[in-house]
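To start, the structure under review is shown below, and the notes come after it.
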Amino acid sequence: MTTRKAQLEAEVRTLRDRVVGVTDIVVASVDGLLITAETDDTAEPESLAALTAATLNIARRAGHMTRRGGLQHTVSRFTDGYLVTHTLGEMALIGVLGDAGLDVARLHTEAQASAQRITTLLTAPVADAAAPAAGSAGRTDASGGAAR
């Protein structure tokens, strides 16, 4: 059985492999906490997650203030590459660091599909592994009290 963490890592790796120029990818909460990453030595994953979240939140605020609607993604272009952020609903994001050859159009296409799959993985209910098995000592009687 594949774990949710392994599925997230595989999805991020697939996105990285499918787009020319991608060097690093993080999935993080909107407050900058790292969920998973696929990075090389370009950036520390925790720092990239935090900076990407800050970029996203500033852009969201600008969109709200100017009444331009919900944010979909941001693109920051630098002399030697890009930082692209895609939203994963209201709670998470994908941050992509790319070199100067990043195929931004392809990234947007691929990231939309990845975003849907990652959002599903992040929001799917977790099976309750801590639930007691039938016949275990944690049973309750019909009134809700502990069975003896």
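The values are calculated or read from the model by the stated rules, or taken from the named source; none is laboratory data. Note that the coordinates shown come from a computational prediction; the quantities given were computed from them, not determined experimentally. Every residue, glycine as well, gets a Cβ built from its backbone with ideal geometry; the counts of neighbours run over all protein chains shown. Calculation scope for accessible area: heavy atoms of the full protein, side chains included, ligands and nucleic acids excluded. Shrake-Rupley method; radii C 1.70, N 1.55, O 1.52, S 1.80 Å.
The residues neighbouring GLU9, those whose beta-carbon lies less than 11 Å from its own, together hold a net charge of +2 under the Lys/Arg +1, Asp/Glu -1 convention. Cα convex hull, region 1-123: 101 Å³ per residue, rounded to a whole number. Using the Karplus relation 6.51 cos²θ - 1.76 cosθ + 1.60 with θ = phi - 60°, the per-residue 3J(HN,Hα) values for region 90-99 come to 8, 10, 8, 8, 10, x, 10, 9, x, 7 Hz, with x marking Gly and Pro.
Accessible surface calculations at 1.4 Å, restricted to protein heavy atoms, place region 1-131 at 58 Å² per residue.
The convex hull built on the alpha-carbon positions of region 59-98 has an orientation-averaged projected area of 3.0 nm².
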